[in-house]
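Below is one structure, written out as C-alpha cells, with a few remarks after it.
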Amino acid sequence: MLERAPAGRDLYALVEEYFRSSFATGNELITEAVRRMLAAGGKRLRPRCALLAAEAVGGRAEEHLRLAAFMELIHVATLIHDDVVDGAATRRGVNATAVDFGNRISVLAGDYLFAWIFKNVTAECAPPIPHVLSSTLADITDGEVLQLRALGELDTTLAAYVEVAGKKTASLFAAAAECGALAAGGSPFAVKALRDFGTAFGIAFQMRDDLLDLTGDEATLGKPVGNDLRERKMTVPLILALEGGGREFRSGVERFFAESDQVHERVENIVAGITAHGGLAKTEAVLAGYVERAKQSLAPLGNAPARAELAALADTLL
C-alpha cells in the first residue's frame with residue numbers, strides 16, 4: 001500500500017507564492033508581461049511534476065521551488081511565441097501577450113525569458129540539468145516545426161502525431177520530472193522512471209487537450225472551441241476519425257481546411273463528423289493507455305508517498 005504524502009503541504013500554493021513573492025527578471029516590461037500570463041491561471045502541472053519527482057526520491061519540495069518555477073517559465077515562454085505564430089487573440093481567457101504588447105515585443109519577451117532562465121539554470125544547477133533543459137527546448141522547437149509542416153495533412157498517422165506530441169508537449173513534462181529527481185539526488189533508475197512518467201503523462205495530456213478543444217466551452221478553455229480545427233492542426237481525434245470515416249467525411253474535412261471563412265456552423269459539422277466516426281471515443285481509449293503507461297513507469301519508486309500523488313495526477317486526465 002502506498003504511503004500518504006505529508007499533511008498540510010500544497011504544491012500549487014507553494015509555486016504560486018514563489019511567483020508572487022520572488023519572481024522578477026532584469027527587464028521590467030518582460031517581468032510585467034510574464035506576470036500577466038501567470039496571473040491568467042494554469043494548473044502549474046510542470047512545476048508540480050518537478051516537485052513531486054524530487055519528493056519521490058527523498059527530497060523536500062520547498063528546496064526545489066526555483067527549479068520548478070523554471071519549468072513553468074519555459075512553458076510560458078513557449079506560449080508567448082506560440083500565440084505570435086498562431087495569431088491567437090486570447091490565452092487562458094485573457095488577451096494574448098501579442099495583443100497587448102505587439103508581436104515584436106512578444107517575440108523578444110519570449111527570447112529574453114528563455115535566455116534569462118538558462119542563464120540562471122547554468123549558474124545554479126549541477127550537470128546534467130542544464131543539458132536536459134537545453135535539449136528539451138530543442139525538442140519543443142522541433143515538435144512545433146513538425147506540427148506546422150503537418151498542417152492540413154490528412155494522411156498523418158497516429159505514430160507521427162505521437163512523435164510531435166512527444167516533442168512539443170511531453171518533453172517538458174519529462175524534463176521537469178527528470179530534473180526534479182536529479183536535483184534531489186535520485187538514483188539513475190529512479191530518474192529514468194520519472195522521466196518515463198513525464199513522457200507518457202505529457203502525451204496523454206496533449207490528447208486530453210485535443211479532446212477539450214472539441215468538447216469544452218470557450219469560458220473554460222480560454223480560447224474558441226474548435227480552434228485547432230480552424231488552424232488545420234492534425235489532432236488525434238481527427239486522425240482516428242479519418243482512419244474509419246470513409247471518403248465522404250475525408251472530403252468534408254478537405255473542403256473545410258480549404259475554406260478561408262470557417263464559421264462556427266462549419267466547425268460544428270466537422271466536430272459532429274469526428275464524433276460520429278469514433279474519433280472522440282478512440283482518443284479516450286488511446287489516452288487511457290498512456291495514462292496507464294505513466295502509472296506503470298512509477299513502479300521502481302516503491303511506496304514513496306509522492307508516487308501515489310503522481311499516479312493521481314495522471315488519473316486526472318481520465
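The values are calculated or read from the model by the stated rules, or taken from the named source; none is laboratory data. What you see is a predicted model; the values in this text were computed from it and never measured. Neighbour counts are summed over all protein chains in view; Cβ atoms, including those assigned to glycine, are modelled from backbone coordinates with ideal geometry.
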(request) Confirm whether ALA68 is touching a Pro at 6+ places or on another chain (Cβ under 8 Å), within 29 Å of LYS295 (Cα to Cα) and surrounded by 24 or more Cβ atoms within 10 Å (Cβ to Cβ). (result) yes
(request) State whether one or more residues within the stretch 255-271 are surrounded by 17 or more Cβ atoms within 10 Å (Cβ to Cβ), modelled with pLDDT under 95 and basic (Lys, Arg). (result) yes
(request) Check GLY226, GLY185 and return the single one that is surrounded by fewer than 18 Cβ atoms within 10 Å (Cβ to Cβ) and at positive phi. (result) GLY185
(request) Please find, within the stretch 26-44, the residue that is farthest from the chain's Cα centre (by Cα) out of those that are of a type outside the set (Gly, Ala, Ser) and surrounded by 21 or more Cβ atoms within 10 Å (Cβ to Cβ). (result) ILE30
(message) Quick check on ALA159: is it small (Gly, Ala, Ser), loosely packed, with under 15 Cβ neighbours inside 10 Å, free of Cβ contacts under 8 Å to residues at least 40 places away in the same chain and out of contact with any strand residue (DSSP E or B) (no Cβ under 8 Å at 6 or more places or on another chain)?
(response) yes
(message) Considering only residues that are part of a helix (DSSP H, G or I) and modelled with pLDDT under 95, which ones fall in the stretch 36-60?
(response) ARG36, MET37, LEU38, ALA39
(message) Looking at ARG250 and the list (1) closer than 25 Å to GLU55 by Cα; (2) in contact with a Leu (Cβ under 8 Å, 6 or more places away or on another chain); (3) of a type outside the set (Gly, Ala, Ser); (4) surrounded by fewer than 18 Cβ atoms within 10 Å (Cβ to Cβ), which single condition is not satisfied?
(response) (1)
(message) For the stretch 279-318, which positions are outside any helix (DSSP H, G or I) and either of a type in the set (A, V, I, L, M, F, W, C) or within 16 Å of ASP213 (Cα to Cα) (or both)?
(response) LEU298, ALA304, LEU317, LEU318
(request) Look at the stretch 91-134 and say how many of its residues are at positive phi and surrounded by 14 or more Cβ atoms within 10 Å (Cβ to Cβ). (result) 1
(message) So if I check each of VAL164, VAL145, which one is part of a helix (DSSP H, G or I) and touching a residue at least 12 places away in the same chain (Cβ under 8 Å)?
(response) VAL164
(message) Cβ-Cβ distance below 6 Å, separation of 6 or more or different chains: which pairs start in the stretch 176-199 with a residue that is touching a residue at least 12 places away in the same chain (Cβ under 8 Å) and part of a helix (DSSP H, G or I) and end on one that is surrounded by fewer than 24 Cβ atoms within 10 Å (Cβ to Cβ) and polar (S, T, N, Q)?
(response) ALA193/SER297; ASP196/SER297; PHE197/SER297
(message) Tell me the residue from THR199, THR235, THR220 that is at pLDDT below 95 and either of a type in the set (Ser, Thr, Tyr) or more than 24 Å from VAL94 (Cα to Cα) (or both), please.
(response) THR220
(message) Based on this model, can you work out whether VAL84 counts as at pLDDT 90 or above, in a helix (DSSP H, G or I) and of a type in the set (A, V, I, L, M)?
(response) no
